[in-house]
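Here's the structure, in structure tokens; my notes come after.
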Amino acid sequence: SENDVRHRFTFGSVYQLPFGRRRAYLRRHPARHLAGDWSLSAVVTIQSGAPITVQTQTNSTNANSAGAQRADVLRNPNLPADERNVKRWFDTGAFAQPPQYTFGNQGVGLVRADGRVNINTSLIRAFSVREGMQLQFRGEFFNLPNHPNFGNATHQFEGAGFGIVNSARPARQIQLGLRLTF
């Protein structure tokens, strides 16, 4: 299955710092005005890569089925980790066009894409405006460590960029905002 991600770790948390009014520390101290009412949150996702199935550009089966078919595989197309890079994610020479009137012999998901590491965090400060009304200052950080999360390698046999990773998820993004709740 194209959705077969073998390993996935997800963690989410919210932590209110224990400083300020109605908290454990600095309840009456003047520093509560700076250090109080902050909260931190994080959503962490770490997963292994999704499977990739190499497909041919043409259907040579003459079986009147729509679309491309799987390629023939000649040997193991997976490269060792130290040889794999975005310009050559897998061994493209390990695939061939199936002969006329035959289906390709490749199994589904023979090659794996790069895994993903994503850490999103936020730093939020709440201000009481009046009873039942609160203003939040929010600093949100998406992909905080700025880790490159590459897309899938092009898997169209003999197509442009075959075996090349030519996309990535967004780099670090920082967003500031205000939120009024009432």
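Taking the criterion of being among the hydrophobic types (A, V, I, L, M, F, W, C) and either without any contact (Cβ under 8 Å) to a residue 60 or more places away in the chain or closer than 23 Å to Leu34 by Cβ (or both), the residues of the range 142-176 that qualify are Phe142, Leu144, Ala160, Ala168, Ala171, Ile174, Leu176.
Residue check: is Arg169 open to solvent by 60 Å² or more (accessible area, probe 1.4 Å) and either under 22 Å from the mean Cα position of the chain (by Cα) or at pLDDT 95 or above (or both)?
When the stated conditions are applied, Arg169 passes them.
Here Gly139 qualifies as open to solvent by less than 60 Å² (accessible area, probe 1.4 Å), closer than 30 Å to Phe11 by Cα, free of Cβ contacts under 8 Å to residues at least 40 places away in the same chain and outside any loop (DSSP other than H, G, I, E, B).
Output the residue which, of all residues in the range 75-99 that are over 16 Å from Phe162 (Cα atoms) and not small (Gly, Ala, Ser), is surrounded by the most Cβ atoms within 10 Å (Cβ to Cβ). Explain how you work it out, then say what you get.
Step one: of the range 75-99, the residues over 16 Å from Phe162 (Cα atoms) are 75-76, 80-83, 98-99.
Within this subset, residues satisfying the condition of being not small (Gly, Ala, Ser) are 75-76, 80, 82-83, 98-99.
Details: Arg75: 9, Asn76: 11, Pro80: 6, Asp82: 6, Glu83: 10, Pro98: 19, Pro99: 10.
Among those residues, the one meeting the criterion is Pro98.
Table: residues versus (1) at pLDDT 90 or above; (2) loosely packed, with under 15 Cβ neighbours inside 10 Å.
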residue	(1), (2)
Ser60	no, no
Ala63	no, yes
Val73	yes, no
His147	yes, yes
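Suppose we keep only residues that are farther than 25 Å from His7 by Cβ and under 30 Å from the mean Cα position of the chain (by Cα) within the range 38-58. Which one would you say is surrounded by the most Cβ atoms within 10 Å (Cβ to Cβ)?
The first filter runs over the range 38-58 and keeps only residues farther than 25 Å from His7 by Cβ, leaving 38-40, 55-58.
Remaining after also requiring under 30 Å from the mean Cα position of the chain (by Cα): 38-40, 55-57.
Numbers: Trp38: 18, Ser39: 15, Leu40: 13, Gln55: 18, Thr56: 23, Gln57: 13.
In this case the residue turns out to be Thr56.
The values are calculated or read from the model by the stated rules, or taken from the named source; none is laboratory data. From a predicted model like this one, the values you see are computed outputs, not experimental measurements. When we count neighbours, we look across all protein chains shown, and the Cβ atoms used for this are built from the backbone with ideal geometry, even at glycine. Calculation scope for accessible area: heavy atoms of the full protein, side chains included, ligands and nucleic acids excluded. Shrake-Rupley method; radii C 1.70, N 1.55, O 1.52, S 1.80 Å.
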